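The values are calculated or read from the model by the stated rules, or taken from the named source; none is laboratory data. Source: prediction; values computed, not measured. Using ideal geometry, Cβ is built from the backbone for each residue, glycine included, and neighbour counts are taken over all protein chains shown. The protein model used for the area step is the full one, side chains on, heavy atoms only, and it has no ligands, DNA or RNA in it. Shrake-Rupley method; radii C 1.70, N 1.55, O 1.52, S 1.80 Å.
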Amino acid sequence: MVIGVILLFLLLPTLIVIPMSVGTSPYIEFPPHGLTFRWYEAYFTDPDWMAATWFSLHIAVATTVSATIIGTLAAVALVRGQLPGREFLQALTLAPLIVPHIVIAVALYLVFAPLGLTGNFYGFVIAHSMLAVPYVVITVSAALQRFDPNLELAALNCGATRLQAFFHIMLPNIRPGVAAGAVFAFLASFDEATVAFFISGIEGKTITRKMFEDIDFNLTPVIAAVSAVLTLVSLFLMSTIEIARHRSGQGRPG
């Protein structure tokens, strides 16, 4: 009961955004008066909002691919390998979760600006991949802890190469962890605001940077509509992972 109340308290501010996005008032208010979807229409028909949304989606997809590959390989090396200084490497890999994003943002700006990586696609993918890799490492490492290494050894004894054993034995068994890490990587990129604020440019502008600008200069219920869309996308992806994890658990032999 207490846990439920705490979770409701944490989720309530996010859920309030949804009714605020359908009010008829030209400014944000709660409770809303009337019902309209014109703020969603304004969002989906505005070229600036759509450009920022597609830019963020392209970055998030590229970040998901790169972070999932890098994070999965890093997790395998950290959990299964015999690396010297493994604890230090693990701490270094997870550092972006601990270091404040404002510190990372300033450091990235100072490094990216002379290289011409601010405000462009490649700079965002590099920065967001660095922030997303720890999520993949954590989820894949947890999946590897439950993976029986004897299965891999059996495949090697039967003549499989290391690469074949990875793709045919290990990867199918840790697939839920990899999928969960990919979803977290996507959300970490798509919802990231602090770093995006520092490395965005006039042309290369993410949806979170666009939201910050409109909050300062053009605060309308369109902001609430965009926030509601982001919230619903996040809930959908998290629900999909939970359903897939549940089905995967049911499919395992007892």
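In this entry, the range 158-209 is assigned a mean projected area of 5.3 nm², taken as a quarter of its C-alpha convex hull surface.
Relative to the longest principal axis of the Cα atoms of the chain, the long axis of helix 121-146 makes an angle of roughly 50 degrees. The accessible surface of the chain, taken with every protein chain in place and a 1.4 Å probe, is 71 percent carbon and sulfur.
Taking the range 176-236 on its own, what percent of its Cα-Cα pair distances exceed 14 Å?
Within the range 176-236, distances greater than 14 Å cover 62 percent of Cα pairs.
If you place +1 on the Cβ of every Lys and Arg, -1 on the Cβ of every Asp and Glu, and leave all else neutral, what size is the dipole of the chain about its Cα centre, to the nearest 20 Debye? Spell out each step's value before the answer.
On the way: 12 positive and 14 negative charges, 191 e Å.
Using only the charged Cβ atoms, the result is roughly 920 debye.
Against the chain, whose longest principal axis comes from its Cα atoms, helix 2-20 is set at around 50 degrees. Need one word for the range 133-182: rounded, prolate or oblate. Basis is the Cα gyration tensor (sqrt eigenvalues a ≥ b ≥ c); a/c below 1.5 gives rounded, then a/b vs b/c decides. Since a/c reaches 1.5 and a/b is larger than b/c, the shape of the range 133-182 is classed as prolate.
Extents of the range 73-131, taken as max minus min of Cα coordinates on every principal axis and listed largest first, are 39, 21, 16 Å.
Would you kindly state how much longer the chain becomes between residue 158 and residue 142 on full extension, computed as 0.36 nm times their sequence separation minus their alpha carbon distance, in nm to one decimal? Could the numbers behind the result be given before it?
Details: separation 16, 0.36 × 16 = 5.76 nm, distance 2.70 nm.
Taking 0.36 nm per residue and subtracting the Cα distance, the gain is 3.1 nm.
In a Debye calculation with equal point scatterers on the alpha-carbon sites of the range 1-153 and no solvent, what is log10 I(q)/I(0) at q = 0.12, 0.19 Å⁻¹? Taking Cα atoms of the range 1-153 as identical point scatterers yields -0.83, -1.16. In the distance distribution for the range 109-254, Cα-Cα pairs more than 27 Å apart total 42 percent.
Across the range 225-242, rounded Karplus estimates of 3J(HN,Hα) from the backbone phi angles (6.51 cos²θ - 1.76 cosθ + 1.60, θ = phi - 60°) give 5, 4, 4, 5, 4, 4, 5, 5, 4, 5, 5, 5, 5, 5, 5, 4, 5, 5 Hz, Gly and Pro being marked x.
With r defined as the distance between the Cβ atoms of residue 87 and residue 171 and R0 fixed at 22 Å, what FRET efficiency is calculated, to the nearest 0.05? Calculated value: 0.30. Along its first, second and third principal axes, ordered by size, the range 39-93 spans 55, 17, 14 Å in Cα coordinates. Exposed loop positions in the chain were taken to be GluC sites (Glu not before Pro) whose DSSP state is not H, G, I, E or B and which have at most 16 other beta-carbon atoms within 10 angstrom. Between these positions, the longest stretch is 30-202.
What number comes out for accessible area per residue over the chain if the probe is 1.4 Å? Units Å², please. Each step should come with its number before you reach the end.
Details: 14580 Å² over 254 residues.
About 57 Å² of surface per residue is accessible.
Using just the helices of the chain, give the 222 nm mean residue ellipticity in deg cm²/dmol: DSSP H runs with n ≥ 4 each add -39,500 (n - 2.57), and the total is spread over all residues, rounded to 500.
Helix contribution divided over all residues of the chain: -25000 deg cm²/dmol.
Rounded to the nearest Hz, the phi-derived 3J(HN,Hα) couplings of the range 205-219 under the Karplus curve 6.51 cos²θ - 1.76 cosθ + 1.60 (θ = phi - 60°) are 10, 7, 5, 5, 5, 4, 5, 4, 5, 5, 4, 6, 10, 8, 6, where x marks glycine and proline.
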